[in-house]
Structures are given as structure tokens and as C-alpha cells.
Ligand SMILES: [Zn+2]
Ligand SMILES: [Zn+2]
């Protein structure tokens, strides 16, 4: 359904832009076209063949775009979750969520350095509070603090609403030992927010002078998207609990996970890494419009072009990392190896990897076949007959793809089917690498 909306809406949005004598940056065209071709075998696929019965399946390519493509976003969220769960030590965590006043949303999306600066100042304010707490409790010595921040540019109503979910260990490392600190109360959360406001004020004063008007179609749309008033990001806890509000900023610190509750931690991490749009929330109305159900239970009624405008303004700025590691978790921290998770294999169980192999293994993303297996329980490497499948060919041009799909009798009629429930395997042609 989303595919259909983009097919109809995207040409309209492009026309509007050209009528106004403006255009989108190339990455917006790439994002849209990438999504339209994502998982469509007619644009190329990997042919895997069973060694026993010699039947082939076509596994189409995915677009791997960073914007809204729900399939690729789900894959990326899963990768992030795997990565973070492998990294984060088993201690208790608190999630701090920061949202910005509507007047600042557009400036930070336009200027990624500014966005990053706000994030850094937030982390500094939290770490500073942790150190103060430590001192107040009479603890001495060099303390290591750390956090992982996850930036989301969207609200659940698809407004352009940058906000952060920051996972902070509820404590510090003193002499390589984790020392848990008491939970913050509302005065602590307010103090952290006040500190942040004090340090970001100067940033934005500087910015006010240098703000220029949107200069292409993307910026014009982002400007519009940032003004949308309704639909705060859904914080997965009770509102009002440990939430400080000031200067239009809001800082929420009411979500806490116990050191043993790895499942809940994984859920938070996955939530922080998710994509902007959920296809199951999208439906069609009788008059050809679309309805999108937000997390807060509000229903947006949108034309195809309205929906596409929202997807366009959520195109992430270039060179913007959504997940960032701070303090002891940052890659250049010397203490990182001491406190992050170690590989769990014991000496006599698994063969020892050389340093080089370990490094390589860490760098390689989890391959898509493994992800499919974990997410949907599908194993593309095992045929229905029980035989092993191997890669036979990688087909990258439309001409060869059409030819080979014809040979295989795999004419692809509906590349974009609605997502199936988890328990049910998606059709083989809808898988993507
Ligand atoms: Zn077979
Ligand atoms: Zn995709």
C-alpha cells in the first residue's frame, strides 16, 4: 500500500517542486527510486540453487537506503540491536529522552553540526550530574561514564521532530568496577535540563544570525515538517513521570531497566533504531486517500502526495550518524575493552580467533540470511526438500533479470505485498539481500 502511495504521490510532489522552479537534492530522488525498486527482482537478484533438487529461488536486492524504506529500516534496526546488545555490559540502564522546541527543529536538521552539539551537551550534562552524585556519596577516584544515543528525526505522526533516546548506565565505573548510583528524582532531571539549556543557549543565539531561507525543495518541505505542532514522539512509558520541561525542551528519564533484564534492554534499543513509518498503521480510505494511525491513537488522513511529502522531509541529512557512542563506549576510549561485553565462547568450546579475524568479524555486518532466519525464521540456504542451497548467480541488470526470471518461470507480478505476520514466511520473491 505504501508502495502504491509512493508510486502515485512522488510524481505529484516532483511536479509541485518544478512548478515552483525548484528541485530536490539527488539523494531524495535516490531514496524514492530506491524504495520503489527495493525487493523487486526485476531490478536484479541473487539466484540461489538447491544442490539436491536443483530448483532455484530469486532473492532480490534491497535498497539499503537510510530513510523510510520499512524493510531496510527493519533490517537496520535489527543489526543495531544485535550490535548494541553485544557491546552493552550487563548493568542497569536508564533511558533519557530529549525533545526540542518546535522553533529549533528546522535549524538543527539544516545544520547537522548544531544537532551534534546539542547531543554532546546533553551527554555532558548527564555525565556531570553522575559525577556530582558520586562525589556527594563520598566516592573518590577517576570515574568512567558512558552512553549510547539514538537519534530519531520523526514523530509517530511523521512530523520532522528530531529527538534522542539515550541509554545511560545507571552508574559509573570506578577502578573497572561498576558502581550503581541512586535513581534520579525530578529535581535531578530538572537540574540536568537546566544545565543543558544553559550550554545550548549560546549555540542557538549564534545560529539565529546565520539562518537563511530554505534554498531547495527538500529544505522547503523540511521547514514545513518542522512546524507541525501535533504529535509528540511516543515515549514508551507513562508521561509526566520524571519529565522536566523548560524553554520548550523536554527531558524524560522515567524508563529504567534492571541489569538482568536484557530482553527489555533489547526492546528499547530496537525501538530507538526503528524507521519512521510502519506499514501496518497505514490503510486506504474509500475515496482513495490514506489513513495513518499514530502511536497516540490519532488518525491522520492524507493524500498520496501528503504522505510522500512527509517521507521526503524525513530524508536524513548526509553524514548523519543516528547511533552514537559516548564516553567509555566511544570507539577511541581506552577503557571500552575493559567494560564492554567480551565474546562469550570459553576457551575449550570455540577455536580462538586471531586479533585480525576478530576485528574482521566485528566489522562485518550480520549477513542478511542470518537476519532473515532470526526475524522470520526463514532459512534461504535450506531448500524445502532439505537440500543445501548455494549462490548460483548474481544478476544486476534489468535485461538479464527479465531473461533469467523468465527462464525460471518466476514472473514477478506483485513485488510489494503487504507484510505478513511474523509466524508466516513471506513469499520467496519478497526476500531481499
Ligand atoms: Zn531442494
Ligand atoms: Zn529498501
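The single condition among (1) in contact with a strand residue (DSSP E or B) (Cβ under 7 Å, 6 or more places away or on another chain); (2) surrounded by fewer than 17 Cβ atoms within 10 Å (Cβ to Cβ); (3) within 30 Å of residue 408 (Cβ to Cβ) that residue 141 does not satisfy is (3).
Scanning segment 243-272 for residues that are assigned to a loop (DSSP other than H, G, I, E, B) and modelled with pLDDT of 90 or more yields 258, 259, 260, 261.
Comparison of 28, 8 shows that the only residue that is touching a residue at least 40 places away in the same chain (Cβ under 8 Å) and crowded, with 20+ Cβ neighbours inside 10 Å is 28. For segment 31-70, a tally of residues being in contact (Cβ under 8 Å) with a residue 12 or more places away in the chain and more than 16 Å from ligand 1 (Cβ to nearest atom) returns 26. State yes or no: is residue 398 out of contact with any strand residue (DSSP E or B) (no Cβ under 8 Å at 6 or more places or on another chain), modelled with pLDDT of 80 or more and surrounded by 14 or more Cβ atoms within 10 Å (Cβ to Cβ)? Answer is no for this residue. Counting only residues that are within 16 Å of ligand 2 (Cβ to nearest atom) and over 22 Å from the mean Cα position of the chain (by Cα), which one in segment 5-18 is nearest to residue 70 (Cα to Cα)? Looking at residues that are within 16 Å of ligand 2 (Cβ to nearest atom) and over 22 Å from the mean Cα position of the chain (by Cα), I get 5. Of all residues in segment 42-54, those satisfying the criterion of being in contact with a strand residue (DSSP E or B) (Cβ under 7 Å, 6 or more places away or on another chain) and either over 14 Å from residue 396 (Cα atoms) or outside the structural domain of residue 402 (by TED's automatic domain parsing) (or both) are 48, 49, 50, 51. Beta carbons closer than 6 Å, at least 6 apart along the sequence or on distinct chains, pair a first residue in segment 380-399 that is more than 8 Å from residue 50 (Cα to Cα) with a second that is surrounded by fewer than 16 Cβ atoms within 10 Å (Cβ to Cβ) for 385/52; 385/53.
Return the total of residues in segment 197-230 being modelled with pLDDT of 75 or more and under 23 Å from the mean Cα position of the chain (by Cα). The qualifying residues number 4.
Taken as a whole, the structure places residue 81 among residues that are more than 16 Å from ligand 2 (Cβ to nearest atom) and either at pLDDT 90 or above or out of contact with any helix residue (DSSP H, G or I) (no Cβ under 9 Å at 6 or more places or on another chain) (or both). Checking the stated criteria, residue 52 turns out not to satisfy the condition of being modelled with pLDDT of 90 or more and not in a loop (DSSP other than H, G, I, E, B). Within segment 19-46, which residues are outside any helix (DSSP H, G or I), at pLDDT 85 or above and over 20 Å from the mean Cα position of the chain (by Cα)? Passing the criteria: 20, 21, 22, 23, 24, 25. Scanning segment 95-148 for residues that are in a loop (DSSP other than H, G, I, E, B) and either more than 20 Å from residue 252 (Cα to Cα) or modelled with pLDDT under 90 (or both) gives 101, 111, 137, 138, 139, 140, 141, 142.
Per the conditions (1) out of contact with any helix residue (DSSP H, G or I) (no Cβ under 8 Å at 6 or more places or on another chain); (2) away from ligand 1 (no atom under 16 Å from the Cβ); (3) outside the structural domain of residue 244 (by TED's automatic domain parsing), the sole criterion not satisfied by residue 94 is (3).
The values are calculated or read from the model by the stated rules, or taken from the named source; none is laboratory data. Since the model is a prediction, treat every value here as computed from it, not as a measurement. Backbone-built Cβ (ideal geometry, glycine too); neighbour counts: all protein chains shown.
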